[in-house]
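Worksheet for the structure shown next.
The values are calculated or read from the model by the stated rules, or taken from the named source; none is laboratory data. If you're wondering where the values come from, they're calculated on a predicted model, not measured in any experiment. Positions of Cβ are backbone-derived with ideal geometry, glycine not excepted, and every protein chain shown enters the neighbour counts. Heads up: the accessible areas ignore ligands, DNA and RNA and are worked out on the full protein's heavy atoms, side chains in. Shrake-Rupley method; radii C 1.70, N 1.55, O 1.52, S 1.80 Å.
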Amino acid sequence: MNRGLSLFAIGLIFGGGLGFTVAAAGNSTLSGHDHSDETQHGEGMDHSTMDHSNHAMMHDTPFEVAAEDAPEVSIMVMPDPMAGYNLHVMTKNFIFSPQNASGKNVGGEGHAHVYVNGEKLGRLYGAWYHLDALPNGEVEVKVTLNTNDHSPLSVDGTLISASQILTVK
């Protein structure tokens with residue numbers, strides 16, 4: 001092995017270790033969210049000093065929007081010809097913006113969260129979602145519209161959501 005490659009490998013090992021040590025000493029986390037932007041959860045707040053132990057609860061706090069021109073959502077769940085089910089999400093006054101997920105809120109844009117029997121399956125960044133293995137029996141599929149920072153949208157305290165109950169055999 002030539003000397004340059006050896007020095008490069010040593011630099012990677014020690015540089016990575018040093019970076020990890022500095023991050024750990026500074027209480028840095030890998031939560032996947034950039035909280036440096038100001039959001040509804042505290043404009044002007046220094047998020048580096050916040051207790052993020054209730055991070056999930058922050059994302060469950062509804063973001064109120066005015067009834068006039070509020071986003072709307074409806075869904076249709078249908079059997080997939082091959083396996084599972086296809087979920088079609090139709091919105092009004094709302095634009096899916098995956099490029100802004102976890103970023104600053106912008107009115108009328110965001111993403112959706114998909115739930116089956118109250119358990120979150122994941123995020124939805126467009127009109128279609130394939131549901132693989134649904135449990136047998138009565139199943140509720142629910143979709144909520146969410147801001148870029150993941151807060152569910154609501155009007156007068158009511159979440160902007162749609163659900164459908166189906167019987168899976």
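Observations on the structure shown:
- Vicinal HN-Hα couplings computed from phi for the stretch 103-113 (Karplus, 6.51 cos²θ - 1.76 cosθ + 1.60; Hz; Gly/Pro x): x, 5, 5, 10, x, x, 9, x, 8, 10, 10
- For the stretch 72-121 and the stretch 126-157, distance of Cα centres in Å: 6 Å
- Charge sum, other residues only, whose C-beta stays under 10 Å from residue 147's C-beta, Lys/Arg counted +1 and Asp/Glu -1: -1
- Coupling constants for the stretch 154-164 follow from the phi torsions by the Karplus curve (6.51 cos²θ - 1.76 cosθ + 1.60, θ = phi - 60°), and in residue order they are 8, 10, 6, x, 9, 4, 7, 8, 9, 9, 9 Hz; glycine and proline get x.
- Carbon-plus-sulfur accessible fraction, the stretch 115-157 (probe radius 1.4 Å, protein heavy atoms only): 47%.
- Accessible area per residue for the stretch 67-137 is 57 Å², calculated with a 1.4 Å probe on protein heavy atoms, without ligands, DNA or RNA.
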